[in-house]
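Trainee: Okay, here's the structure, questions in a sec.
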Amino acid sequence: MTRSLHPRLQRLDSQFASSPLQQIVEAELTRQRLELWVKRDDLLHPIISGNKWRKLKYILNHALLLGADTIVSMGGAYSNHLHALAFAGKALGVKTVGFIRGEKPARFSPTLLDLQEWGMALRFVSRSEYRQLRAYKTHDSLPHLAPGQYWLPEGGATEFALQGVAEIIDEIDQAFDVLVVACGTGTTLAGLIAAAPLETQLLGIAALKGAEYLTLEVQQLLKQAHSEVCHWQILHHYHGGGFAKSTPALDHFMQQFQTKHDVPLEPVYNGKALFAIDDLLKKGVFKAGQRIIFLHTGGLQGARGNT
Ligand SMILES: *Cc1c(COP(=O)(O)O)cnc(C)c1O
């Protein structure tokens, strides 16, 4: 699938190669005649977190083609999204502004320090103001945007994000039955659903507690894809107590998995999603002969100084 990229974006895009697929070998998988592979989008780029680049690529293209000189977005103090945006903005020569949830902290997180260094203008907003910003869903919908400013909703949840996520499916060069991914806003999941072969099954693992609204949000994003979609489902009981929370069982599982398979994990998204796969496996949910692919979305920068 080739779409015309703005020349400045083409230069940045050339830093990205396709990410490898790594097979996970475990006795339990062999016993159940299952295959598990990890699509290592955590290895996509040394700085930009995996699924954040996938989502940003065609959003940035849209902004550049419109002639935008500034991209304004929102996120938390450990946001992988803002981190990717600030780095990409600097590389592209586009100014960036980030609305950060909560009061300005006395000590900046490693993420905030990077945002500052890469020239993102930081605007700290109260939690209620932050929630209000979620109402603005399109690039020109934020009130008081200056000419040349492009608004990017939380998590990059727009139709342009789905186009970049579809390239993950293009890169997977073997047939598969089940594809599993962690969900924050559900945008990555929506992109995968829109692009995956119809006979595949898509499974999203919610990282947030009480995220039942996600199904509707994914459905709304999918409407823009205008295609028949494969079977999909979001599981809501693997959040481990809430966003960025963990449990001793999750910590233990992550430690073991990382050591055994040499796949680095963070507890916010990918740790939980793999823990869910492990649990489903033990419960015998997968059918013998199935090939399962887990999309590792990256996010390791967000775990710095946070553990
Ligand atoms: C943002 C993020 C997600 C969630 O992606 P959504 O498209 O918002 O669902 C998953 N994993 C990592 C590492 C992330 O940074």
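Trainee: Once you sort the root eigenvalues of the Cα gyration tensor of the stretch 1-122 as a ≥ b ≥ c, which label holds: rounded (a/c under 1.5), prolate (a/b larger than b/c) or oblate (the other case)?
Mentor: It is oblate, given that a/c is not under 1.5 and a/b is not larger than b/c.
Trainee: Show me the GluC sites (Glu not before Pro) within the stretch 210-307 that DSSP assigns to loop and that have at most 13 other Cβ atoms within 10 Å of their Cβ. Before the final figure, lay out the partial values.
Mentor: Numbers: sites: GLU212, GLU217, GLU228; in loops: GLU212, GLU228.
Passing both the DSSP loop test and the Cβ count: GLU212, GLU228.
Trainee: Once you've got the GNM for the chain with C-alpha springs shorter than 10 Å, pick whichever of VAL218, VAL38, VAL25 has the biggest mean-square fluctuation.
Mentor: Looking only at VAL218, VAL38, VAL25, the largest GNM fluctuation is found for VAL25.
Trainee: With springs only between Cα atoms under 10 Å apart, run a GNM on the chain and tell me which of ARG31, ARG101, ARG291 wobbles the most.
Mentor: ARG31
Trainee: Placing +1 at every Lys and Arg Cβ and -1 at every Asp and Glu Cβ, with all other atoms neutral, what dipole size does the chain have around its Cα centre, in debye to the nearest 20?
Mentor: Once rounded to the nearest 20, the dipole reads 620 debye.
Trainee: I need the calculated FRET efficiency for the pair SER126 and THR30, taking r as the beta carbon distance and R₀ as 51 Å, to the nearest 0.05.
Mentor: 0.45
Trainee: With a cut-off of 8 Å between alpha carbons and a minimum separation of six or more residues, what is the relative contact order of the chain in percent?
Mentor: 22 percent.
Trainee: Still on this model: With the cut-off at 32 Å, tell me which of the pairs LYS104/LYS223; LYS104/LYS245; LYS95/LYS209; LYS39/LYS223 have Cα atoms farther apart than that.
Mentor: The answer is LYS104/LYS223; LYS95/LYS209.
Trainee: Tally Lys and Arg at +1 and Asp and Glu at -1 over the other residues with C-beta under 14 Å from the C-beta of LEU198: what net charge comes out?
Mentor: So the environment of LEU198 carries a net charge of -3.
Trainee: Okay, moving on. Where does the chain land at 222 nm, in deg cm²/dmol rounded to the nearest 500, when only DSSP H runs of n ≥ 4 count, each adding -39500 (n - 2.57), divided by all residues? Spell out each step's value before the answer.
Mentor: Working: 11 runs with 115 residues, N = 307.
Value at 222 nm, helices only: -11000 deg cm²/dmol.
Trainee: Towards the positive end of the charge dipole of the chain, with charges on Cβ (+1 Lys, Arg; -1 Asp, Glu), say which of ALA135, LEU216, HIS239 has the farthest Cα.
Mentor: Result: ALA135, furthest along the dipole toward the positive end.
Trainee: Taking a label point 7 Å from the Cα of SER4 along the Cα→Cβ vector, which residues of the stretch 139-179 have an amide N closer than 19 Å to it?
Mentor: Backbone N within reach: 160, 163-164.
All of the numbers you see were taken from the coordinates with simple rules; none came from a lab. Being a predicted model, the structure only gives us computed values, none of them experimental. All Cβ positions, even for glycine, are placed from backbone atoms using ideal geometry, and neighbour counts span all protein chains on display.
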